[in-house]
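**Q** Handing you this structure, nothing more for now.
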Amino acid sequence: MRPAFSNALYYPSIDIRDTNWLKTAILFWDSISTIVPEDLDQPYVQPDTQYLADIGFLKPLYVNSDDRSVVGIENDIIKLLNRPKFKETFFTANTKKYGGKLVSERSYGVRESLENLPNSGIYSKKMSWKIQDEIRYLSKNLEKNEIYYLDSELAYIYMIVLANKLCEDHSLGMVTDHESCFKAGNTVKYGHRTGMRPEDRFRSRRPKDHQLEQGL
């Protein structure tokens, strides 16, 4: 049985590396889009995704900091950023090279336990200006960046919230094959996230974490 929507939005990453997942998705969807910052000229680098983009099945859904969907989630995200759990988990752009040093001055006392938290980058064009300002404020000395590195759980939740809003605004189904991202989404309630029913297996498998290395 085909899903209620004929076109879907894939999250959290830009490119899709799981070939088997893609082969199955082709059977169920007329097209799949991924969330792409507007100035990224070549969002798809895998041979399979390049081919699917060429034939029109895989499509970039371009966003920027002024996009209505991006702006539409900013109040919820700012509340999330200020939760104690996430307030001190902002990373420098060189976090992997230098062992995950946190930039927040408030983190010095707990740095040892937080330095090695897994982190993921999100392109700034996927964040409103207000969200970017809040991140820089909370991190004290973080400058404007093309990519902001966040605690992975926070990054996953952000992408779930953004994807959900984009799906509402563009009438798209919401799909992922990322296990960690799906689990992180259980901490927030956004009703259009794909379920885990057996018949939705093709939608509930997740790609490997290395998909996130170049930014979400």
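**Q** Checking residue 62 against (1) modelled with pLDDT of 90 or more; (2) in a loop (DSSP other than H, G, I, E, B); (3) of a type outside the set (A, V, I, L, M, F, W, C), only one condition comes out false. Which one?
**A** Result: residue 62 fails condition (2) only.
**Q** With the condition kept exactly as written, say whether any residue in the stretch 34-44 is open to solvent by less than 60 Å² (accessible area, probe 1.4 Å), within 23 Å of residue 165 (Cα to Cα), at pLDDT 95 or above and part of a loop (DSSP other than H, G, I, E, B).
**A** No, the stretch 34-44 contains no residue that is open to solvent by less than 60 Å² (accessible area, probe 1.4 Å), within 23 Å of residue 165 (Cα to Cα), at pLDDT 95 or above and part of a loop (DSSP other than H, G, I, E, B).
**Q** Being at pLDDT below 95 and out of contact with any strand residue (DSSP E or B) (no Cβ under 7 Å at 6 or more places or on another chain) narrows it down to one residue among 76, 54; which is it?
**A** Only one candidate qualifies: 76.
**Q** Contact list please: Cβ distance under 6 Å, first residue in the stretch 145-159 and part of a loop (DSSP other than H, G, I, E, B), second residue modelled with pLDDT of 80 or more, pairs at least six apart or on different chains.
**A** These pairs meet every condition: 146/124.
**Q** Kindly indicate whether any position in the stretch 15-25 is closer than 21 Å to residue 147 by Cβ and surrounded by 18 or more Cβ atoms within 10 Å (Cβ to Cβ).
**A** Checked the stretch 15-25: at least one residue is closer than 21 Å to residue 147 by Cβ and surrounded by 18 or more Cβ atoms within 10 Å (Cβ to Cβ).
**Q** Can I ask one more? Just to be sure I understand, how many residues within the stretch 1-33 are β-branched (Val, Ile, Thr) and modelled with pLDDT of 95 or more?
**A** The qualifying residues number 1.
The rows are residues; the columns are (1) open to solvent by less than 30 Å² (accessible area, probe 1.4 Å); (2) at pLDDT 85 or above; (3) touching a Lys or Arg at 6+ places or on another chain (Cβ under 8 Å).
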residue: 97; (1), (2), (3): no, no, no
residue: 117; (1), (2), (3): no, no, no
residue: 139; (1), (2), (3): yes, no, no
residue: 166; (1), (2), (3): yes, yes, no
residue: 175; (1), (2), (3): yes, yes, yes
residue: 179; (1), (2), (3): no, no, yes
residue: 188; (1), (2), (3): yes, no, no
residue: 194; (1), (2), (3): yes, no, yes
residue: 197; (1), (2), (3): no, no, no
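The values are calculated or read from the model by the stated rules, or taken from the named source; none is laboratory data. Because the structure is a prediction, the values reported are computed rather than measured. Because the Cβ atoms are built from the backbone with ideal geometry, glycine has one as well, and the counts that use them run over all protein chains shown. In case anyone asks, the SASA skips ligands and DNA or RNA and just uses the protein heavy atoms, side chains included. Shrake-Rupley method; radii C 1.70, N 1.55, O 1.52, S 1.80 Å.
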